[in-house]
1. Restricting to the stretch 78-100, what's the tally of residues that are loosely packed, with under 15 Cβ neighbours inside 10 Å and over 17 Å from T46 (Cα atoms)?
2. Residues in the stretch 49-67 that are within 15 Å of the chain's Cα centre (by Cα) and of a type in the set (V, I, T): how many?
3. Among the numbered criteria (1) under 21 Å from Y107 (Cα atoms); (2) touching a residue at least 24 places away in the same chain (Cβ under 8 Å); (3) among the polar types (S, T, N, Q), which single criterion is violated by S24?
4. What do you reckon, is H52 in contact (Cβ under 8 Å) with a residue 12 or more places away in the chain and more than 15 Å from V33 (Cα to Cα)?
5. Just to be sure I understand, how many residues within the stretch 31-48 are farther than 15 Å from N102 by Cβ and either more than 11 Å from the chain's Cα centre (by Cα) or exposed (fewer than 12 other Cβ atoms within 10 Å of the Cβ) (or both)?
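No value in this document is a laboratory result; all are computed from the given coordinates. Just so we're clear, the structure is a prediction, and the values are computed from it rather than from any experiment. Heads up, the Cβs are rebuilt from the backbone with ideal geometry, glycines too, and the neighbour counts pull from every protein chain shown.
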Amino acid sequence: MKKEVFVLETIEERVRERLIKYLSRDDTGIRKVVLKLFLNGDKFTTGDVYEHLHDTDFDVSYRGVSAMVGLMNTRLGILSIDVTGDHNIYLLKEDYRDIVRNVLDNY
């Protein structure tokens with residue numbers, strides 16, 4: 001009789017896979033730049049991310065940046081968000097710093 005084998009993925013493995021898939025669809029390099037910003041920085045508003053991208057010569061709209069950061073928050077699950085002030089403030093979750101660093105170093 002054949003035995004079935006179930007592989008239980010850890011949360012870290014799922015996040016790593018999602019990040020790799022997310023970056024594989026990054027034709028311009030903008031996603032990698034934003035991930036590096038969060039990895040190397042602290043807390044950012046959508047405006048902060050927009051200004052950083054604008055300063056690095058990416059042709060993006062504020063709304064486009066807002067959508068991208070929002071998707072990073074909901075789809076990847078690697079950002080925490082503070083919605084108590086006038087602007088949402090995003091921060092890379094400490095638990096995922098090493099995973100993001102590893103994926104970016106090897107991508």
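1. Total satisfying the criteria: 4.
2. 2
3. (2)
4. Numbers: in contact (Cβ under 8 Å) with a residue 12 or more places away in the chain: yes; more than 15 Å from V33 (Cα to Cα): no.
Spelling it out, it is not the case that H52 is in contact (Cβ under 8 Å) with a residue 12 or more places away in the chain and more than 15 Å from V33 (Cα to Cα).
5. Step one: of the stretch 31-48, the residues farther than 15 Å from N102 by Cβ are 31, 33-34, 37, 41-48.
With either more than 11 Å from the chain's Cα centre (by Cα) or exposed (fewer than 12 other Cβ atoms within 10 Å of the Cβ) (or both) added as a condition, the list becomes 41-48.
Total meeting the criteria: 8.
Residue-wise test of (1) under 15 Å from D26 (Cβ atoms); (2) without any contact (Cβ under 8 Å) to a residue 24 or more places away in the chain.
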position: M68; (1), (2): yes, no
position: G77; (1), (2): no, no
position: T84; (1), (2): no, yes
position: R97; (1), (2): no, no
position: V100; (1), (2): yes, no
